[in-house]
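Step one of this worksheet: look at the structure below.
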Amino acid sequence: MAGYTKTNITPPRWLLAELTYSCPLQCPYCANPIDYAKYGSELSTDDWKRVLTQARKMGAVQLGLSGGEPLTRTDLTEIVKHARELGYYSNLITSGYGLTEEKIVQLKEAGLDHIQVSIQASSQELNDHIAGTTSFEHKQQVAHLVKKHGYPMVLCVVIHRENIHQMADILAMAEALGADYLELANTQYYGWAHANRDLLLPTKEQFEEAEKIAQAFKETVAGKMKIYYVVPDFYEDRPKACMNGWGTTFLTIAPDGVALPCHSARELSNLDCPNVKDFSIEEIWHDSKAFNFFRGYDWMEEPCRSCDEKDKDKGGCRCQAYLLTGDMYATDPVCSKSPKHYVIDEAIASARNAALADNEKPLIFRNSKNSRLLS
């Protein structure tokens, strides 16, 4: 087994519970798998409680509740309550769509620690277009309610070519909403974002201008708002470490119970990802093929294997390498040392040409119909 090692396996610390793929929004950059419509069976409440209990026993302390839209689960409050009883620090990652003041109170009483709300743009017209749903005004109301009930206002805006020109307005909106934390998350190209990459990837000039605006604003709000600017991999010369290292820290459980070393690992073939319906979290983490596949360094090809930076980037992202080259063992093409770094240059050029084209194709919005067409 490639990279298989039973030595120095650290316990999972961060559990991402993808409670559902159901979502009222249709964002064209969604990280859910393109073929999510194939996975209709969701874990039961008791299944989720068992997963949380087992992962906590192993040492997991951070819990992310996501989707899709986790608010579509009628048992969300019950799951949050169980997480509190186990001692997790829990974070609801939500579009805010459908989140009422009554629900916020229920979640607060159940022990939810943190709410992160996403907004697609600084204007109603563009937000509602990207989301594929009329949601802008409701999201703004939710942001105020989150503050009202004692939560820090954590705002996330995914940045791409459709909204990057609004950077100054996005920052002003965050300040007006009283955001304590703002994550400017440049799109990472997996799932639906990969399918829409030519239409979403900004030019380097657009990215650099937006970053300049964000960094200048960051200085003006120092001490009042923390801004996290997630740099897009395509404009870096070194990749990020995949999930802090494959099978070292992060554990994702998909809605149907499949356990994943990262949220995009369904993209990879021959991993034989296990299901929590069949195995315990301990068995999955220590013994499964999927979680041992890229542990350590034995799986690495050159130039990664002899690179003096491999401890830092862990060879980069396996899903990104696969999506860009068709080879999940390949050095992440983002790395300037990669023999296939040229595919990054080609992707950037393709996106630039698409932006200049008069007959630019439309975005593919995330919904079940498109899922079936693309899968």
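At 222 nm, what helix-only mean residue ellipticity would the chain give, in deg cm²/dmol to the nearest 500, using -39500 (n - 2.57) for each DSSP H run of four or more?
Values: 15 runs with 137 residues, N = 375.
Calculated mean residue ellipticity at 222 nm is -10500 deg cm²/dmol.
Counting pairs on different chains as well as pairs 8 or more places apart, how many Lys pairs in the stretch 264-375 have Cα atoms under 18 Å apart? Present the calculation step by step, with values, prior to reporting the outcome.
Numbers: LYS277/LYS289; LYS310/LYS337; LYS310/LYS340; LYS312/LYS337; LYS314/LYS337; LYS314/LYS340; LYS361/LYS369.
Taking the Cα cut-off of 18 Å, the pair count is 7.
Just name one of PHE294, PRO339, LEU324: the one whose Cα is farthest towards the positive end of the charge dipole of the stretch 289-362 (beta-carbon charges, Lys/Arg +1, Asp/Glu -1).
PHE294
Is there a pair in LYS139/LYS226; LYS49/LYS240; LYS204/LYS240 whose C-alpha atoms are over 22 Å apart, and which pairs would that be? Please report the intermediate quantities before stating the final value.
Values: LYS139/LYS226 20 Å; LYS49/LYS240 32 Å; LYS204/LYS240 19 Å.
As for pairs spanning more than 22 Å Cα to Cα, those are LYS49/LYS240.
Taking the solvent-accessible surface of protein heavy atoms with a 1.4 Å probe, what is the per residue accessible area of the chain in Å²?
Ligands and nucleic acids excluded, the figure is 43 Å² per residue.
Could you tell me the center-to-center distance, by alpha carbons, between the stretch 264-283 and the stretch 127-165 in angstrom?
Computed from Cα coordinates, the inter-centre distance equals 33 Å.
By per-residue mean of other Cβ atoms within 10 Å, what is the highest-first order of 193-199, 16-22?
Details: 193-199: 20.9, 16-22: 22.6.
Ranking, from highest mean packing down: 16-22, 193-199.
Need the list of aspartates and glutamates near LYS148 for cross-linking: C-alpha distance under 18 angstrom, and skip anything on the same chain fewer than eight residues off.
Cross-link targets: GLU101, GLU102, GLU109, ASP113, GLU137, GLU175, ASP180.
In 20 Å bins starting at 0, how do the alpha-carbon pair distances of the chain split up by percent?
All Cα pairs, binned at 20 Å, distribute as 28, 61, 11 percent.
Report, to the nearest whole %, how much of the accessible area of the chain belongs to carbon and sulfur atoms, 1.4 Å probe, protein only. Don't jump to the answer; show the numbers that get you there.
On the way: 7910 of 15940 Å².
Of all accessible area on the chain, carbon and sulfur atoms account for 50 percent.
What ranking, highest mean first, results for peptides 154-161, 338-345, 178-185 when packing means the other Cβ atoms within 10 Å averaged over each residue?
154-161, 178-185, 338-345
Among the DSSP beta bridges whose two residues both lie in the chain, what percent are antiparallel, rounded to the nearest 5?
On the way: 3 of 34 bridges.
Just about 10 percent of them are antiparallel.
Considering the convex hull of the alpha carbon atoms of the stretch 280-375, report its projected area averaged over all viewing directions, in nm², one decimal. Let's see the in-between values first.
Details: hull surface 37.3 nm².
Computed as one quarter of the Cα hull surface, the answer is 9.3 nm².
Considering the options LEU155, ILE253, VAL61, tell which one lies farthest towards the positive end of the dipole of the chain, charges being +1 on Lys and Arg and -1 on Asp and Glu at the Cβ, about the Cα centre.
VAL61
Please report the relative contact order for the stretch 251-375, taking Cα pairs under 8 Å with a sequence separation of at least 6, and give it as a percent rounded to a whole number.
Numbers: 117 pairs, mean separation 16.7, N = 125.
It rounds to 13 percent for the stretch 251-375.
Connecting C-alpha atoms closer than 10 Å in a GNM of the chain, tell me which of PHE234, PHE279, PHE207 has the biggest fluctuation.
Fluctuation is largest for PHE279.
What's the magnitude of the charge dipole for the chain around its Cα centre, counting Lys and Arg as +1 and Asp and Glu as -1 at the beta-carbon? Answer in Debye, nearest 20. Can you show the working numbers first?
Numbers: 40 positive and 50 negative charges, 133 e Å.
Dipole size: approximately 640 debye.
The values are calculated or read from the model by the stated rules, or taken from the named source; none is laboratory data. Since we're looking at a predicted model, the values are computed, not measured. FYI the Cβ positions are ideal-geometry reconstructions off the backbone, even for glycines, and counts take in every protein chain you see. Heads up: the accessible areas ignore ligands, DNA and RNA and are worked out on the full protein's heavy atoms, side chains in. Shrake-Rupley method; radii C 1.70, N 1.55, O 1.52, S 1.80 Å.
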